[in-house]
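See below for the structure under consideration.
The values are calculated or read from the model by the stated rules, or taken from the named source; none is laboratory data. None of the values given here were measured: they were computed from a predicted structure. All Cβ positions, glycine included, derive from the backbone under ideal geometry; neighbour counts span all protein chains shown. Heavy atoms of the whole protein, side chains included, go into the accessibility calculation; ligands, DNA and RNA do not. Shrake-Rupley method; radii C 1.70, N 1.55, O 1.52, S 1.80 Å.
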Amino acid sequence: MRDDDIADWLSTRSWSDWIRTPIAGDASARRYERLIGPDQTSVILMDAPPEVCGTQKSFVTMAQHLTRLGLCAPEILAWDEPLGLLVLTDLGTTDFAKHLRTTPSDERMLYEHAVDVLRVLHSAPPPSDLIRMTPDVGTGMSDLAFDWAAKDQSADLRRAIEAELHRLLAEVDPAPGALSLRDFHAENLIWRHVEEGPRRVGLLDFQDAFVTHPTYDLASLLRDARRDVKVELVDDLLIRLDPDAHQESQRLAFHVMAVQRNLRILGIFQRLARRDGKARYLKFVPRVEDHLRADLSAPALSDLRTLISRAFFETGQP
């Protein structure tokens, strides 16, 4: 039925006779297709049924915001909000992960370009209607980890972890002010080598953008659940992100943001596997746990490290 609705919708538009090719999607219910015309021109069809995915207004609004900043987001060519269908410009087929599988020596160069995008992103005030990841919000976002991934689910241990995570979030970012695209990682960044400056990086999957600490997206980029990133890039890219920042404070914020994010990801992946039957996400869990261990090894996180180890790691050891 859904495919019939899409075919009917396309039949009245200029892409009616274009070849439809499925594209691997993300963890959401959205589906994507590449529509290829007779001259090999292509566009992207986003299929986001409103009854499952809600409105895509935030995607459209954020795409427009990013474009105004001079960044490379898809242009909205058509949008049917009641049907949940969008046609977008095609930013390319080569994401960072794909490029680096064949040219791993480019890792530093690509990641430096990604950080330059973040600098542009942080150069302007974020849209006013976005969620702010206050300490309360950030702590609440970890609920998924306890609900789906904790091996020790005692109420006292959960409260202790929440209290310590809240304390750290309040220490490093009591009043969040930086726009975050939230899923800023290698499979959502398109490498456009023929472009120049920040437009060499095409941006995808930003509809869940919110306001948080400037290091949040860097943590998303460098603590990638799907690929290993050279450890030595962390300090260099923290400096590149903001050369004027107090680097010890930036590093602490990075570790805290990474722990908060990866706790949530542990819960998301376990829920996808156990509730939604998407067992393929379990293969990423060991890397996410390794990331948690790496960031919890920061001295300022020692108390949280002990608590999280008891709750989430098999032996209770970091």
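Rounded to a whole number, what % of the accessible area of the chain do carbon and sulfur atoms account for, probe 1.4 Å? Mind showing how you got there, number by number?
Values: 7300 of 14590 Å².
Solvent-exposed carbon and sulfur of the chain make up 50 percent of the total.
Accessible area per residue of the chain at 1.4 Å probe, in Å²?
Values: 14590 Å² over 318 residues.
Ligands and nucleic acids excluded, the figure is 46 Å² per residue.
Grab every C-alpha pair in the stretch 1-160, bin the distances at 10 angstrom width from 0 up to the longest one, and report whole percents.
Values per bin, smallest distances first: 8, 25, 30, 25, 10, 2, 0.
Please turn the phi angles of the stretch 207-213 into ³J(HN,Hα) values with the Karplus equation 6.51 cos²θ - 1.76 cosθ + 1.60 (θ = phi - 60°), one per residue in order, whole Hz, x for glycine and proline.
So the Karplus estimates, Gly and Pro as x, are 5, 9, 3, 8, 10, 7, 7 Hz.
In what order, largest first, do Glu171, Glu112, Glu196, Glu33 sit by accessible area if the probe radius is 1.4 Å? Intermediate values should be presented prior to the final figure.
Details: Glu171 105, Glu112 50, Glu196 155, Glu33 25 Å².
Putting Glu171, Glu112, Glu196, Glu33 in descending order of accessible area: Glu196, Glu171, Glu112, Glu33.
Could you grab the relative contact order for the stretch 153-247? Cα pairs under 8 Å, six or more apart, rounded to a whole percent. Numbers along the way, then the final one.
Numbers: 83 pairs, mean separation 25.3, N = 95.
Relative contact order here is 27 percent.
Computed from these coordinates, which is mean projected area of the Cα convex hull in nm²: (i) 15.2; (ii) 23.8; (iii) 17.0?
Computed from the coordinates, mean projected area of the Cα convex hull in nm² corresponds to (iii).
Please say if the stretch 268-318 is rounded, prolate or oblate, where rounded means a/c under 1.5 for a ≥ b ≥ c the square roots of the C-alpha gyration tensor eigenvalues, and otherwise the choice is prolate for a/b larger than b/c and oblate otherwise?
Details: a/c = 2.99, a/b = 2.31, b/c = 1.30.
Judged from the Cα gyration tensor, the stretch 268-318 comes out prolate (a/c at least 1.5, a/b above b/c).
Take every Cα pair under 8 Å in the chain that's 6+ residues apart, average their separations, divide by the length, and report that relative contact order as a whole percent. The partial results should precede the final answer.
Details: 495 pairs, mean separation 54.5, N = 318.
Relative contact order, the chain: 17 percent.
Ratio of the stretch 131-213's C-alpha Rg to 2.2 N^0.38 Å, to two decimals? Show your work: numbers first, answer last.
Values: Rg = 16.9 Å, N = 83, 2.2 N^0.38 = 11.8 Å.
Normalised Rg, Cα atoms only: 1.44.
Search the structure for amide H atoms under 5 Å from the amide H of Leu83, placed 1.01 Å from N in the peptide plane, and list their residues when 5 or more places away or on another chain.
none
Tally Lys and Arg at +1 and Asp and Glu at -1 over the other residues with C-beta under 10 Å from the C-beta of Ser142: what net charge comes out?
0
At a 1.4 Å probe radius, which order do Ile44, Ile19, Ile239, Ile36 fall into by accessible area, largest first? Show your work: numbers first, answer last.
Details: Ile44 20, Ile19 110, Ile239 85, Ile36 45 Å².
Descending accessible area places them as Ile19, Ile239, Ile36, Ile44.
Tell me the angle of helix 107-121 to the major Cα principal axis of the chain, expressed in degrees between 0 and 90 and rounded to the nearest ten.
It works out to around 90 degrees.
Can you compute the FRET efficiency between His246 and Arg159 using 1/(1 + (r/R0)^6), with r the Cβ-Cβ distance and R0 = 41 Å? Round to the nearest 0.05. List each step's numbers first, then the result.
Values: r = 32 Å, r/R0 = 0.77.
Step by step, r from the Cβ atoms, then E = 0.85.
Nearest 20 debye, what's the magnitude of the dipole of the chain about its Cα centre given +1 on Lys and Arg Cβ and -1 on Asp and Glu Cβ?
On the way: 39 positive and 50 negative charges, 130 e Å.
Roughly 620 debye for the chain.
Would you grab the residues whose amide H sits under 5 Å from the one on Arg132? Only those 5+ places off in sequence or on another chain, please, with H modelled 1.01 Å from N.
Val211
What distance in nm lies between label points placed 7 Å from Cα along the C-beta direction at Glu171 and Ser297?
1.9
Kindly write out, for the stretch 228-242 in residue order, the coupling ³J(HN,Hα) from the Karplus curve 6.51 cos²θ - 1.76 cosθ + 1.60 (θ = phi - 60°), rounded to whole Hz, with x marking Gly and Pro.
Karplus values, whole Hz, x for Gly and Pro: 7, 10, 4, 4, 5, 6, 4, 4, 4, 7, 4, 5, 4, 4, 7.
Starting from the amide H of Trp15, placed 1.01 Å from N in the peptide plane, find each other amide H under 5 Å away whose residue is 5 or more places distant or on another chain.
none
For the stretch 188-242, rounded, prolate or oblate, judged on the Cα gyration tensor with a ≥ b ≥ c (square roots of eigenvalues), a/c < 1.5 rounded, else prolate if a/b > b/c?
Values: a/c = 1.42, a/b = 1.17, b/c = 1.21.
Rounded, since a/c falls under 1.5.
Report the full-extension gain for the segment Ser11 to Arg192: residue separation times 0.36 nm, less the Cα-Cα distance, to one decimal in nm. Walk me through the numbers before you get to the answer.
Details: separation 181, 0.36 × 181 = 65.16 nm, distance 3.11 nm.
So the chain would gain 62.1 nm between Ser11 and Arg192.
Work out from phi, with θ = phi - 60° and the Karplus expression 6.51 cos²θ - 1.76 cosθ + 1.60, the ³J(HN,Hα) of each residue of the stretch 69-75, listed in order in whole Hz, and give x for Gly and Pro.
Whole-Hz 3J(HN,Hα) from phi for the stretch 69-75: 7, x, 8, 9, 10, x, 7.
Across bins of 10 angstrom width beginning at 0, how are the C-alpha pair distances of the stretch 179-318 distributed, in whole percent?
11, 37, 37, 13, 2
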